[in-house]
Amino acid sequence: MIALTLAGGLLLTGCGGSDDGSKSSSDGARGGSYDSGFPAPDQPQGEQDSGESRDDYVTPSPDYLSTFALDVDTASYGYARRTLAEGRRPDPSTIRPEEFVNSFRQDYDRPHGNGFTVTVDGARTDRDDWSLVRVGLATRGAAEDSAKRPPAALTFVIDISGSMAEPGRLDLAQQSLGTMTERLRDDDSVALVTFSDQAETVLPMTRLGGHRPEVHHAIENLRPTYSTNLGAGVETGYRTAVDGLRKGATNRVVLISDALANDGDTSPDSILDRIDTARREHGITLFGVGVGSDYGDALMERLADKGDGHTVYVSGADDAEKVFCEQLPQNIDLTARDAKAQVAFDPETVASFRLVGYDDRRVADDDFRDDRVDGGEVGPGHTVTALYAVHTRPGADGHLATATVRWQDPDSRAPHEKSGELETGSLDDSVWSASPRFQVTAVAAYLADDLRRGDDRWSSLPGAPHLSELADRADTLADQTEDRAVRQLADTIRRAEHLE
């Protein structure tokens, strides 16, 4: 045990300075540490803890590092809300806890320029020696004055297959794109690519100034037909984006689809391998917008991850207004490329830990400072939250964890780092007496935890309340925060409770 502790201690003492003088964590070996209450993802589901407090935890691995690529996706939560509203529990495999947590506004300080602030806090659960630790990363706010952002060159790749005829799919996309066209600036450009069994560029890259009627005409004439060759749509979309590439602008492909690919190439890796040059050399990122009651969640999520972008899910007019008319125009700019986070836990105070979610975004610890390894692309106005279940040693006192984020400047590609720390003394409060926004994070994670039962990657969070209690807490938080999204969270939990 002494040898293991010393080995873990070396991981924490071999720290280098970041560009702003703050302490940053060191490189280390791959993996995380688990005790018998939290089996590793590849262990059989039947070996999970019953939920009772245990003192006979096994000795953890000497590895006390956790490394992952940043992710601002929210589609998993949006699709779960839609599914529950229709009276069905979502498939556990579609539940990504980090996307539930990242769907809500946070209370983190923001930097004045590009890059991140790092906030690390935590609170104790109702289970002995188990805490939830929140690592919060925030970018600068989105410019309220759209004139301050760079111009945009947006290539919309729109699914017009037969399945898009369902109300709330193509019709919703057309309405939203029409409204967004009026809100973009005259020096912004848009192109339209459609796909069913084949793909077609129906509008090359076109400046909006003086050409809005042409754009509206192209949008209004879209009609659903035939099958879904999503691979052809993405490939044609990137080719159109490269043909209309604008230097000094934000060049982005926006894919709008139910992602129910049934024709041509349906492998996200294969699809994106074919457009790798456009993605890497020209920095064209992919923004996936999912629609429809039947939705190819896994395919869209994988496409966005491989395409250096992110995904959202649109279930109705309110969601569409927020995504197309508020988020997309405001967050066209990027503040960080290939952003990764690494959290170093102190073996003197931490027995074991588990990152909640981010299953598909894990990065080898040795690759944290390898800037050739893909991270996540993050824009202004975003926050990224990572939640950990942490088992502290009995009587632990002192340093608990150091969280470091590393990113590249979106223009110069120069690397930067920023760190934040947490002491065990900051865990005095219980989860349900912590700040309202911390509690919202916990409620969202516990809901995802309940919905994920049955997934072979699932292992329960400590201190999980029954859904009825969770809904009551969400109602109280909605009153405190006066946040409509939190009120919707409470309603979503009650729908899940009724389906148990």
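The values are calculated or read from the model by the stated rules, or taken from the named source; none is laboratory data. Computed from a predicted model, the values in this text were never measured in an experiment. Reconstructed Cβ throughout: ideal geometry from the backbone, glycine too, with neighbour counts over all protein chains shown. Heavy atoms of the whole protein, side chains included, go into the accessibility calculation; ligands, DNA and RNA do not. Shrake-Rupley method; radii C 1.70, N 1.55, O 1.52, S 1.80 Å.
Separation of region 75-134 and region 173-235, taken as the distance between their Cα centroids, equals 33 angstrom. Looking at region 225-306, I'd like the Rg to Rh ratio, where Rg is from alpha-carbon atoms and Rh is Kirkwood's inverse mean 1/r. Over the Cα atoms of region 225-306, Rg/Rh equals 0.96. With the charge dipole of the chain set up from +1 on Lys and Arg Cβ and -1 on Asp and Glu Cβ about the Cα centre, the Cα lying farthest toward the positive end among the listed residues S163, L70, A278 is that of A278.
With the highest mean first, a sort of the peptides 229-236, 332-339 on other beta-carbon atoms found within 10 angstrom per residue produces 229-236, 332-339.
Think of region 86-191 as a dipole: +1 on every Lys or Arg Cβ, -1 on every Asp or Glu Cβ, centred on the Cα centre; then among A142, Q174, F116, F116 lies furthest on the positive end. Around the Cα centre of region 277-352, unit charges on the Cβ atoms of Lys, Arg, Asp and Glu (plus for the first two, minus for the last two) sum to a dipole of about 360 debye. Seen against the Cα atoms of the chain and their longest principal axis, helix 230-243 is set at about 70 degrees.
In a fully extended conformation the segment linking D397 and N221 would gain 56.8 nm over its present Cα-Cα distance, using 0.36 nm per residue. Taking the 0 to 90 degree range and rounding to the nearest ten, how far is the long axis of helix 467-481 tilted relative to the main principal axis of the chain, both from C-alpha atoms? On a 0 to 90 degree scale, this one is about 70.
In this simple spin-label approximation, L499 and S468 carry label points 7 Å from Cα along the Cα→Cβ vector, and these lie 2.0 nm apart. Only Cα pairs under 8 Å and 6+ residues apart enter the sum, and on that basis the relative contact order of region 212-331 stands at 23 percent. Antiparallel beta bridges, as assigned by DSSP with both residues in the chain, represent about 70 percent of the total such bridges. FRET efficiency for the pair D187 and D128, taken as 1/(1 + (r/R0)^6) with r the Cβ-Cβ distance and R0 = 56 Å, rounds to 0.40. You can think of it this way: the chain between T277 and R88 has 63.9 nm of extra reach, that is 0.36 nm per residue less the Cα-Cα gap.
Only lysines eight or more places from K247 in sequence, or on another chain, were considered; those with a Cα closer than 29 Å are K148, K306, K322, K340. Just the number, please: carbon plus sulfur as a percent of the accessible area of the chain, 1.4 Å probe, no ligands or DNA/RNA counted. Here it works out to 45 percent. Among the GluC sites (Glu not before Pro) found in region 169-232, not one is both in a DSSP coil and sparsely packed, with 15 or fewer other Cβ atoms within 10 Å of its Cβ. How many angstrom lie between the C-alpha centres of region 149-166 and region 279-293? Computed from Cα coordinates, the inter-centre distance equals 10 Å. With every protein chain in place and a 1.4 angstrom probe, the accessible-area ranking of D73, D197, largest first, reads D197, D73. Between the listed residues Y388, A232, L477, the Cα displaced farthest toward the positive end of the dipole of the chain, a dipole computed from Cβ unit charges relative to the Cα centre, is found at A232. Angle of helix 75-85 to the longest C-alpha principal axis of the chain, folded into 0 to 90 degrees and rounded to 10: 90°.
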